[in-house]
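A.B. asks: One structure, as structure tokens, below. Some questions next.
Quick note: the coordinates plus some simple rules give every number you see, no bench work behind them. This is a predicted model, so every value here is computed, not measured. Note: ideal-geometry Cβ built from the backbone for every residue, glycine included; neighbour counts use all protein chains shown.
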Amino acid sequence: MSDKKIRKLVIGAMMAALTYVATMVIQIPSPMNGYVNLGDCFVLLCGWLLGPWYGGAAAGIGSMLTDLLSGYGHYAPGTFVIKGLDALVAALLFRTMGRTSTAALVSGLVGEAIMVAGYFGYAALLLGKGLGAAASIPGNLVQAALGLLIGFLLLKVLQKTRIAEKI
């Protein structure tokens with residue numbers, strides 16, 4: 001295994017841990033049996049910094065661990081796929097659009113739209129909540145907006161310090 005792959009693997013594990021911590025530390029309860037958290041900013045950072053495969057895996061694993069360890073185990077499989085896809089798509093768009101600020105905002109918006117739609121679909125179809133799952137959309141939109149805003153700001157800071165270039 002090359003040094004670059006080992007570095008990405010180690011940073012991916014660190015990003016998965018940061019995603020878990022950001023999701024667990026700040027939780028604002030929502031009225032629909034869930035919570036708004038800061039994990040989404042790290043989900044997006046996983047994709048933007050690590051690329052689609054390592055970033056998607058780190059985002060999915062870190063987010064899934066949160067569900068498993070906080071009593072939302074029935075959401076764990078969905079979270080793994082939804083957050084992994086969120087980061088994967090954001091990473092692919094970010095690369096395709098040239099890694100600019102506009103690329104980060106557009107890719108983050110698309111990634112977070114996947115998150116909102118993914119959780120609605122998962123709760124409606126697989127958890128059997130039907131149209132009642134729509135009640136979670138406002139909370140997920142707030143989480144998406146916070147995740148995009150804070151993730152974008154963190155990306156800009158990391159780019160200025162040139163840490164992002166070393167990953």
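A.B. asks: As a test of the formula, what do you get for the chain when each DSSP H run with n ≥ 4 contributes -39,500 (n - 2.57) and the sum is divided by the residue count, at 222 nm and rounded to the nearest 500 deg cm²/dmol?
C.D. replies: Working: 6 runs with 119 residues, N = 167.
For the chain, the value works out to -24500 deg cm²/dmol.
A.B. asks: For the chain, set up a Gaussian network in which alpha carbons nearer than 10 Å are linked by springs, and say which option among 39, 47, 121 fluctuates the most.
C.D. replies: Result for the chain, Cα springs under 10 Å: 121 fluctuates most.
A.B. asks: Now for a separate question. Taking amide H positions as placed in the peptide plane 1.01 Å from N, state which residues far from residue 36 in sequence (5 or more) or on other chains have amide H under 5 Å from it.
C.D. replies: Close amide H contacts, sequence-distant or interchain: 28, 30.
A.B. asks: About the Cα centre of the chain, what is the dipole size in debye to 20, counting +1 per Lys and Arg Cβ and -1 per Asp and Glu Cβ, all else neutral? Show your work: numbers first, answer last.
C.D. replies: Numbers: 12 positive and 6 negative charges, 121 e Å.
Dipole magnitude for the chain comes out near 580 debye.
A.B. asks: Here is a further query. Scan the chain and note any complete DSSP helix (H) whose C-alpha atoms cover at least 18 Å along its axis and whose Kyte-Doolittle average is 0.0 or more.
C.D. replies: Length and hydropathy pass: 3-25, 52-69, 76-96, 101-121, 137-160.
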